[in-house]
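Inspection log for the structure reproduced underneath, given as structure tokens.
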Amino acid sequence: MDKEQALAILRSCRSGGRHPDDPEIAAARAVVAQDPDAHHFLEGEHALDDAIAHQLGSLQPPTGLKESILAGLALPEPSPRPAVPRRRAVLMAVSLLIVSTLAAVVWLPILTSRPDSFASFLTEMRDFLPQGFRLHYANADLAAVARWFAETHDIAHYQVPLALATQTRATGCRTIDWYGKKAALICFYTSDGKVVHLVVLDRAAVPDPPTSARPSYARRDQWTSATWSAGDKAYLVLSTLDEARLRALL
């Protein structure tokens, strides 16, 4: 069993499932355990699944939904008709009401217009990156990562800080689609397991990119951010490192 086959098997399992009696799953876990990149990729997948499950689990039905359903079932028949088709029609109507309500709750915040600014981008990345996500390309070679961005998404001419490139280990990358604009994300880990996310966005994509070439730092919760501009690119770093250690890498 190779790495791709092992990942395909484990991605189909629930993150909290044990499957103690399945030899195929046990073999897949053994393969992934020996590959740090594959292990990190799978952790990101499971973190994303858990985040989605948590959001869906927190949804509450609209007030009065139960009463509306019961009232619909109690409506008198305007004319004689078979009971089974009527019940089916009511159940279909209830199902559509529930689905449309859930869709509105989940998607309305996403579809709502937001300021198209770097400040908005920073806020959304602070919310998105700590939740876990899927890498599109797992590779520790930054030259290979640069070729992947250039060949598949026409993203090029960005710069990775030298200390970040030499003192941490890259695990892979992905693109982020943000209101029709595409950003590049590269993930790094320090030797003691601290994560450093580097995000690159074209300066022309926002009206208010950072004006300084020197990083500006901020701390919120357990995450430190740094923002700056260089050439035609705006940069954002988000890390679990404290500011002093992050400064040493940038």
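Each reported figure results from applying straightforward, stated rules to the coordinates on display, with no laboratory input. Remember, it's a predicted structure, so these values are computed and weren't measured experimentally. No Cβ is skipped: glycine too gets one built from the backbone with ideal geometry, and neighbour counts run over all protein chains shown.
Residue separation of Gln222 and Ser117 scaled by 0.36 nm, minus their Cα-Cα distance, works out to 35.4 nm of gained length. The calculated FRET efficiency for Ala213 paired with Ala30, based on their beta-carbon distance and R0 = 51 Å, is about 0.60. Rounded to the nearest Hz, the phi-derived 3J(HN,Hα) couplings of the range 222-232 under the Karplus curve 6.51 cos²θ - 1.76 cosθ + 1.60 (θ = phi - 60°) are 9, 10, 9, 10, 9, 9, 6, 10, 8, x, 9, where x marks glycine and proline. Each residue of the range 163-172 is assigned a 3J(HN,Hα), and the resulting list reads 5, 4, 5, 9, 10, 10, 10, 6, 10, x Hz, derived from the Karplus form 6.51 cos²θ - 1.76 cosθ + 1.60 (θ = phi - 60°), x at Gly and Pro. Run through the range 172-204 and list the chymotrypsin sites (Phe, Trp or Tyr not before Pro) located in a DSSP loop whose Cβ has at most 15 other Cβ atoms within 10 Å. Within the range 172-204, the qualifying chymotrypsin sites (Phe, Trp or Tyr not before Pro) (loop, at most 15 other Cβ atoms within 10 Å) are Tyr179. Amide H contacts of Ile155 (H built 1.01 Å from N, in plane; Pro and chain starts excluded): Ala150 sit under 5 Å, all sequence-distant by 5 or more or on other chains. Shown in residue order for the range 199-212 are the 3J(HN,Hα) couplings computed by the Karplus curve 6.51 cos²θ - 1.76 cosθ + 1.60 at θ = phi - 60°: 10, 10, 9, 4, 4, 5, 6, 9, x, 10, x, x, 9, 9 Hz (x for Gly and Pro).
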